[in-house]
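Just below is one structure, and these are the notes that go with it.
The values are calculated or read from the model by the stated rules, or taken from the named source; none is laboratory data. These numbers come from a predicted model, not from an experiment. We place every Cβ from the backbone using ideal geometry, glycine too, and count neighbours over all the protein chains shown. With ligands, DNA and RNA removed, areas are computed over all heavy atoms of the protein, side chains included. Shrake-Rupley method; radii C 1.70, N 1.55, O 1.52, S 1.80 Å.
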Amino acid sequence: MRSMRLACLAIALAAAILVACADGEDASPSAAPTSAPASPSPAPGPSVERDLSFLADSTPDFETARIRRVGESGDIRLAWMIVDMMRFVPPGPSGVHGALVTAFSRLTGQPEDAVDFWVKASNHLLANDVPAPDGYREWKGRVYTWFVEEWAPFFDDADAEVDWRLISWGGVGIDDRPIRGFEDQPIEAVDPFCGCIPALEDPAVTDATGGDWYPDDRLVFGVVLKGEARAYPRHQMQVHEMVNDTLGGRRIALAYCTLCGTAQAFFTDVLPAGVTTPTGTLELRTSGLLSRSNKVMFDLHTSSFFDTFRGRAISGPLQEAGVELEPLTVAVATWGEWKAGHPGTTIVAEDGGIGRIYRDDPLGGRDDDGPIFPIGDADPRLPVQDQVLGVRTDDVTVAFPEVIVRAALAQGLPVEHEGVTVGLVAGALTAFDRDGEPIATHQSFWFAWSQFFPETEVWSGS
């Protein structure tokens with residue numbers, strides 16, 4: 001029943017986001033004013049604390065009178081609670097949503113029409129680095145786990161390395177389905193609709209000739225390991241966002257955050273001392289949560305959550321063990337270029353091996369106009385949706401804008417920065433160190449790379 005409520009709420013809120021975008025209400029960081037907030041007041045009094053506790057426990061039937069009293073408290077830190085409630089209330093001019101907007105406006109001094117959508121309100125708080133109040137993790141966990149109980153290990157972990165202000169709901173549930181081969185029925189029969197973004201487990205593949213169903217000009221995410229190459233069509237990854245696979249005799253996971261335009265691959269067959277799993281490996285899945293518009297993935301076996309962009313465990317046993325996943329390079333190329341450069345490649349089968357029909361454009365241009373989830377201020381050095389090749393070495397963190405780099409390479413010009421050289425391999429931008437050895441890299445939207453690595457330098461071609 002709870003999963004059904006979550007699915008219905010997701011549909012309602014997704015429709016609200018689409019309407020907001022269609023009406024020209026910009027959900028990007030520039031939409032919210034960024035004037036300095038008032039200084040936080042002392043801790044809220046007992047009456048406000050009681051109101052907040054009651055609101056958390058009454059999710060999602062928030063009482064407007066209690067919301068109003070929170071808005072009148074004068075403590076801007078409580079605006080974070082208002083935003084969290086806003087996230088689970090469909091926008092509307094009156095009722096609970098209107099009370100939340102009014103309360104947020106009173107706490108921050110911002111006009112209601114500037115913060116009438118939870119993304120704009122969140123961006124305002126992030127841009128001004130408004131601190132969260134004491135007890136925020138526990139309070140937020142009570143609200144969020146009303147919708148998805150399986151998030152409890154994450155929110156209950158007091159030692160998690162998380163800025164809880166950055167955590168938001170992505171509109172779907174957690175993918176905690178059984179692993180194929182560890183249940184009596186195929187995974188699709190166990191739960192054909194999970195209300196989640198379903199990972200693809202050990203997809204069926206064909207050789208390059210068998211991949212003639214996929215047009216040569218369409219994009220793939222390519223991975224090569226120990227001489228074995230595999231292509232993952234982008235439109236399939238837009239549906240699954242996570243693939244757990246075996247390549248070159250190693251167990252790997254390919255995570256694709258559609259919101260960040262980022263495909264990343266990690267080794268998952270090395271466990272830290274003291275950690276065991278039924279499969280002897282990690283099993284990465286999509287949690288349904290986001291941080292800075294980046295998917296938060298988790299390991300199904302240990303309920304450890306990850307900073308996906310960095311591949312670092314941020315909660316649970318894997319965080320305690322200091323796990324940071326070893327990355328592999330993910331190449332972004334057209335299918336025609338990839339198979340020409342890797343004629344022995346395999347490609348995921350047309351139906352993924354699960355009998356599914358994949359639409360050519362399942363997202364329908366959803367991310368064309370900038371981030372639709374909170375990130376705060378965007379780095380102005382490049383347009384937010386520009387694709388960059390991000391590179392990190394011991395000496396430098398640098399972003400290579402794809403369009404500029406490809407133009408330079410087409411003219412035969414060198415692309416080099418602080419010992420990092422970029423060239424084309426099978427149609428994909430590839431980075432090499434001073435010794436000519438490849439560096440594990442991935443591409444992403446500029447806003448994402450610069451959010452997670454604000455110290456990054458930008459190669460300009462000059």
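Could you work out how far apart the two model spin labels at D395 and K226 are, taking each label as a point 7 Å from the Cα in the direction of the beta carbon, and quote it in nm?
Roughly 3.2 nm, to one decimal.
Sort the following peptides by mean Cβ neighbour count (other Cβ atoms within 10 Å, averaged over residues), highest first: 311-320, 423-432, 97-106, 51-60.
Details: 311-320: 20.9, 423-432: 19.3, 97-106: 23.0, 51-60: 16.9.
The peptides rank, most packed first, as 97-106, 311-320, 423-432, 51-60.
In the neighborhood of S73, defined by Cβ-to-Cβ distances under 15 Å, what is the net charge if each Lys or Arg adds +1 and each Asp or Glu adds -1?
Values: positive: R50, R66, R68, R69, R77, R106; negative: E49, D51, E72, D75, D134.
That sum, taken over residues with Cβ under 15 Å, equals +1.
Counting only protein heavy atoms, what percent of the accessible surface of the chain is carbon or sulfur at a 1.4 Å probe?
Taking all protein chains in place, the chain shows 51 percent carbon and sulfur surface.
Using the eigenvalues of the Cα gyration tensor, what equivalent ellipsoid semi-axes result for the range 192-298 when each is taken as the square root of five times the eigenvalue, whole Å, largest first?
Values: eigenvalues 107, 75, 32 Å².
Calculated on Cα positions only, the semi-axes equal 23, 19, 13 Å.
What is the diffusion coefficient of the chain in µm²/s, taking the Kirkwood radius over Cα pairs and the Stokes-Einstein relation at 10 °C with a viscosity of 1.306 mPa s? Intermediate results must be reported in sequence, preceding the final value.
On the way: Rh = 23.3 Å.
The calculation lands on 68 µm²/s.
Projected area of the range 68-187, taken from the Cα convex hull and averaged over every viewing direction, in nm²?
Averaged projected area of the range 68-187's Cα convex hull equals 9.3 nm².
Highest mean first, how do 364-370, 215-221 rank when packing is the count of other Cβ atoms within 10 Å averaged over residues? The partial results should precede the final answer.
Values: 364-370: 12.9, 215-221: 17.3.
Taking the mean over residues of other Cβ atoms within 10 Å, the ranking is 215-221, 364-370.
Mind checking the per residue accessible area of the chain for me, 1.4 Å probe, whole number of Å²? Before the final figure, lay out the partial values.
Working: 19070 Å² over 462 residues.
That works out to 41 Å² for each residue.
Translational D (Stokes-Einstein, µm²/s) of the range 227-379 at 20 °C and 1.002 mPa s when Rh comes from the Kirkwood sum over C-alpha pairs? It would help to have the intermediate numbers written out before the result.
Details: Rh = 16.7 Å.
The calculation lands on 128 µm²/s.
Can you list the equivalent-ellipsoid semi-axes of the range 331-462, largest first and in whole Å, using the square root of 5 times each Cα gyration tensor eigenvalue?
Values: eigenvalues 143, 102, 35 Å².
Semi-axes from the Cα gyration tensor: 27, 23, 13 Å.
Given 4 °C and 1.567 mPa s, how large is the Stokes-Einstein diffusion coefficient of the range 66-122 in µm²/s, with Rh as the Kirkwood radius over Cα pairs?
Values: Rh = 10.6 Å.
It comes out at roughly 122 µm²/s.
If you average the sequence gap of Cα pairs under 8 Å that are 6 or more apart and divide by the length of the chain, what percent do you get for the contact order? Mind showing how you got there, number by number?
Details: 889 pairs, mean separation 67.9, N = 462.
Result for the chain is 15 percent.
Over all directions, what mean area does the Cα convex hull of the range 226-286 project, stated in square nanometres? Walk me through the intermediate numbers first.
On the way: hull surface 19.8 nm².
Mean shadow area of the hull around the Cα atoms is 4.9 nm².
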